[in-house]
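Asker: Pasting a structure below so you can have a look.
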Amino acid sequence: MRRRDFVTLLGGAASVWPFLASTQSRLLAMEQVPSSDRLEQRLVEAIEAYDAQGNHRTATSADTASAEWLAREIQQPRVQSTLESFKLSRLDPLSCHLRIAGRRIEGVPLFDGTFTDADGVHGTLGPLGSDADIVWVETEPFTLIEPRKELGGAVAEARRGPHKGVIILTRGSRPGLFLLNAPSFKAPFGPPAIQISSAESQWLKAQERAEISLVAQVGRTTTQAVNVTARIAGSDTGLAPLVVTTPRSGWWECASERGGGLACWLEAIRTLAAAAPARDCLFAAFSGHEIGFLGIDAYLASRPDLTKRAHAWIHLGANIGAPQQPNQVHVSDASLEDSIIAALQKEGLRIDHKAESGSVPRGEAGTIHRGGAHYLALVCGTEVFHNTADRWPDAVDVTMVARYAKSFATCALELALQRR
């Protein structure tokens, strides 16, 4: 039955108006979810463009250009977009390397550690637990269901130790450099530390007791980073807003880590802009993700009551649409769990892992959780976390991104239409 015929059939009875309004809202929600072919084409264009912008590290020229691109992408009727800047001291690696046994091994400094001058620090090399001056440790590879595991264990122990320097051999699904985030960017601690590729592990460990130099020289630039924000006005300003957020900065091109979430975020805006939401819908894409989640802190600084005031908060986390990867969902309560389960099931998806009730999720979702929000957050697994191999098209399954995008669009529209 067409909606027009259905409305005509029910048209004269006052007693059916609440039911009619609810039914019309659901029909409207169904109409706003895009068809798969058009959606996949938009996703391809968005993720490919994001990947091509380069290294998305916070407050770099690529990050700024990416913000301007994203703001243009959301320019459409009913969407009020804004670039919101915040100050920070950008860290710029200058000379970061090891010198040992006639070799120079390049690395990347730990962005929330301390640093050296151009001469660096010198001493003997050995494993953590030895009496060596400069020690090596290995990271734990990224795991979906153990947030921040890669920052714990031996890495955390070495950073609390008395060493002159720390070498972090980064491990992932393959040999390579898998960078660590810097959650303590605003309060750096520990000895100077350099991250190097695990491809160097066997050779470096064979140099135990050798003399080594570690240089972690950086510069600082006082500058600004940018959050991209938007608002779609609801019909009832007395209702609490819906908030939809995702990070937009990170290490390297991060096509899967950040591109999938941004693509879903854009589709949620597109869907809600074409509808008639009952409540205000707020959107934010945060910079500062890899260095202490600075962007969400800046966003909430001017909206201190938003986490508790929001009707619901949807956070689109990392690696959405990474090929053949499971997901994990954090939810604050059963009603949102029911909403996301239904939306995922409609697209043939499921919740692979449900986080333990009350547990703190990773990243910006942790800030939302600690603020007391009514929220749901989703993150997916990956084999290329913080690695240069996280590139379009190999690291992205567009069909899977599309299924997630439609799921979040459905869920967001349902929440935006609620009048309670």
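Any read-out appearing in this document is the output of simple, stated calculations on the displayed coordinates, not a laboratory observation. These numbers were taken from a predicted model, which means no experiment stands behind them. Don't worry about glycine lacking a Cβ; one is built from the backbone with ideal geometry, like all the others, and counts go over all protein chains shown.
Asker: Under a point spin-label approximation (7 Å from Cα along Cα-to-Cβ), what is the Ser335-Asp119 distance to one decimal in nm?
Answerer: Inter-label distance under the simple model: 6.5 nm.
Asker: Just how large is the dipole of the chain about the Cα centre, in debye to the nearest 20, putting +1 at every Lys and Arg Cβ and -1 at every Asp and Glu Cβ?
Answerer: Dipole of the chain, to the nearest 20 debye: 1000 debye.
Asker: Bin width 20 Å, origin at 0, all Cα-Cα pairs of the chain: what percent of pairs per bin?
Answerer: P(r) over the chain, rounded to whole percents: 26, 52, 19, 3, 0.
Asker: With 10 angstrom as the radius, rank Trp265, Trp203, Trp313 by how many other C-beta atoms surround their C-beta, starting from the fewest.
Answerer: Trp203, Trp313, Trp265
Asker: Applying 1/(1 + (r/R0)^6) with R0 = 51 Å to the Cβ-Cβ distance of Arg420 and Ser130, what FRET efficiency is obtained, to the nearest 0.05?
Answerer: The pair Arg420/Ser130 has a calculated efficiency of 0.25.
Asker: List the relative contact order of region 91-220 as a percent without decimals, with contacts defined as Cα pairs under 8 Å and 6+ residues apart.
Answerer: That works out to 42 percent.
Asker: Ok, one more. What net charge is computed for the residues neighbouring Pro77, neighbours being all others with C-beta under 15 Å from the C-beta of Pro77, Lys and Arg scored +1, Asp and Glu -1?
Answerer: Summing Lys/Arg as +1 and Asp/Glu as -1 gives +3.
Asker: Which of Val331, Val166 has the fewest other C-beta atoms within 10 Å, and how do the rest follow up to the most?
Answerer: Ranking Val331, Val166 by Cβ neighbours within 10 Å, fewest first, gives Val331, Val166.
Asker: In debye, nearest 20: dipole of region 91-220 around its Cα centre with unit charges on the Cβ of K, R (+) and D, E (-)?
Answerer: Roughly 140 debye for region 91-220.
Asker: Please list, by residue number, everything in region 70-105 whose backbone N is under 18 Å from a paramagnetic label point 7 Å out along Cα→Cβ of Asn55.
Answerer: Only 89-98, 105 fall inside the zone, counting backbone N under 18 Å.
Asker: With each pseudo-label sitting 7 Å past Cα toward Cβ, what's the Ala210-Ala301 distance in nm, one decimal?
Answerer: 4.5 nm
Asker: What is the distance in Å between the Cα centres of region 103-170 and region 197-235?
Answerer: 12 Å
Asker: Count the net charge of all other residues whose Cβ sits under 12 Å from the Cβ of Arg209, scoring Lys and Arg as +1 and Asp and Glu as -1.
Answerer: That sum, taken over residues with Cβ under 12 Å, equals -3.
Asker: Taking the Cα centre as origin and putting +1 on Lys and Arg beta-carbons and -1 on Asp and Glu beta-carbons, what dipole magnitude results for region 48-159, to the nearest 20 debye?
Answerer: I would put it at about 220 debye.
Asker: Okay, moving on. Binning at 5 Å from 0, report for region 91-220 what percent of all alpha-carbon pair distances ends up in each bin.
Answerer: The calculated distribution, bin by bin, is 2, 12, 22, 26, 21, 11, 4, 1, 0.
Asker: Could you tell me the distance between the Cα centroids of region 250-310 and region 42-72, to the nearest Å?
Answerer: First find each Cα centre; the distance between them is then 15 Å.
Asker: In this model, which of Lys308/Lys346; Lys164/Lys186; Lys186/Lys354; Lys354/Lys406 are farther than 24 Å apart at the alpha-carbon?
Answerer: Lys308/Lys346; Lys186/Lys354
Asker: How many nm is it between the label spots at Ser85 and Arg72, if each spot is 7 Å from the Cα in line with the beta carbon?
Answerer: 1.9 nm
Asker: If you don't mind, another one. With contacts defined as alpha carbon pairs under 8 Å and 6 or more residues apart, what's the relative contact order of the chain in percent?
Answerer: Rounded, it is 21 percent for the chain.
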